[in-house]
Amino acid sequence: MNTLHRFNLLLTGLALMLSASVDAAPLFSPATAPDSLHGRAALALKMASQYSPSTAPLWIDLAASAVNADTASLEFELQGQRLTATRVQGVRLADGTISWSGAIAADSQEDEGSIDLVRTPEGVTGIIKRGDLYRIEPAGGRHHLLSLDTQLPALPRHGTDHSAPSLLSSAKDTAAVAGKASSAAGPSVIRVLAVTTNAIDKAQGARVRSLIQLGITEGNRTYVDSNIDAQMELAGYEPIAYGGTSMSQALQYFRDPRTPGSKAVRALRDQAKADVVMLVMGNDFYCGVAPVGASAEDAFMVVRVECLAGNDTVPHELGHIIGSSHNPENGSGALYPYAYGRQVCNLGRRNWHSVMAYPCQNRSARAQKWTSPIVMHDGRATGNAQRFDNRRVMEENRERVAGFR
Ligand SMILES: [Zn+2]
């Protein structure tokens, strides 16, 4: 061993000792509320407060500079508890945006939790799940933290997913031919082009863009947590001239290649080499709609702004496109006998539902997991090989969908 080598080892050892002794970076602490909010900041708070049971936000001093791709852990206080989140995944994106996901360890009182953060020049947008659901957003040069209702009771999470029978059967054929286990090295990268209406972009473009990335960040963590070798990537964000307000009509309109709007969006999609198009819309009854088992020409989904993050709507709708269905109680006729999501509703406060499932009528928490005989939640498998294996659907089709463009 030469001297240089020994010196490097010494440095490595020193670095390890230092990193072990360094505390987690503080993420935020309580702050005083601003006197008043105007313009975009006021609108952002109003929009964010729609599903908050308490409309008064907690204003926080947030250390945006602590959120980096290589940040190992972050700590913060929530409801009187000191919590530490350790990195599950941290990425610096091409435009400089930081995407960071962490896990909050379970203790005897509470289930495990999660935090997903997106850092842009405007600040940090994030979701914390720890029994309850919280959203962090920048507003007026500061940040606020709002508790959101985990059930979003005012709206069903997802509408009936529209699938045209002819498209469905052709997608099934394609899947049967091409849907073999992918063997590509590294994760399949599914590029998502996000488009929104000019009106939404004008009113809250920067906010919506951060929420879109946060939905993707959150979805990517569900893939890591469920051992699915895929990642979504934002291929672009484009405002478009579209005035419709119904999500299901919008889906129909953009799936039809003959409409002018669809032609324009398809051109943008080709330009961005995006596998999938996500249209982001304002208020509707639903959180999202998408066709089940889409072909390359039909890979369109619609997601409502306020459902972009905290509700797994982005991975849910993409899950439909890739070929997964809801839990059998809320959907039938799956593409494959094992393509169902699952809800478990007889465990009281431990009730849960998977990414593709509807919540239990008597309340349940989204487990943020995909069904599978090899994915665990609360000490048990989330699924089985016969009926509940959304992970297998993802694994068998991820490379096919990643190759749409
Ligand atoms: Zn759905």
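Coordinate-derived values only; no laboratory data. Treat the numbers as computed from the prediction; the structure is a model and nothing was measured. Positions of Cβ are generated from backbone atoms using ideal geometry, with glycine treated the same way; all protein chains shown enter the neighbour counts.
Things to note:
- Annotation: amide H-H contacts under 5 Å for ALA230 (H modelled 1.01 Å from N, sequence separation of 5 or more, or interchain): SER188.
- Amide proton proximity set for HIS143, modelled H, under 5 Å, gap of 5+: ILE60, LEU62
- Exposure proxy ranking for TRP352, TRP59, TRP100, TRP370, based on other Cβ atoms within 10 angstrom of each Cβ and starting from the fewest, stands as TRP59, TRP352, TRP100, TRP370.
- Relative frequency of Cα-Cα separations exceeding 26 Å in the stretch 229-349, percent: 22
- LEU145, LEU347, LEU279, LEU27 arranged by Cβ crowding within 10 Å, fewest neighbours leading: LEU347, LEU145, LEU279, LEU27
- Computed E for ASP23/ARG258 - FRET, C-beta separation, R0 41 angstrom, nearest 0.05: 0.10
- For GLN89, distant residues with modelled amide H under 5 Å away: SER101
- With 0.36 nm allotted per residue and the present C-alpha distance subtracted, the ASP107-SER49 stretch has 17.9 nm of extension available.
- Hydrodynamic radius of the stretch 269-405 by the Kirkwood approach over all distinct alpha-carbon pairs: 15.3 Å.
- Förster-model FRET efficiency, 30 Å R0, ILE374 and CYS345, C-beta, rounded to 0.05: 0.85
- The radius of gyration of the Cα set in the stretch 28-150, together with its Dmax, comes out at 14.2, 44 angstrom.
- Couplings 3J(HN,Hα) of the stretch 335-347, computed from phi: 4, 10, x, 9, 8, 9, x, 9, 10, 10, 10, 10, 10 Hz, in residue order, whole Hz [Karplus 6.51 cos²θ - 1.76 cosθ + 1.60, θ = phi - 60°; x for Gly and Pro].
- As a ratio to 2.2 N^0.38 Å, the alpha-carbon radius of gyration for the stretch 171-402 is 0.97.
- Take the Cβ atoms of GLN361 and GLU77, set R0 to 41 Å, and the FRET efficiency comes out at 0.75.
- Of LYS129/LYS263; LYS129/LYS202; LYS46/LYS273; LYS202/LYS369; LYS202/LYS273, pairs whose Cα-Cα distance is over 32 Å: LYS129/LYS263; LYS46/LYS273; LYS202/LYS369
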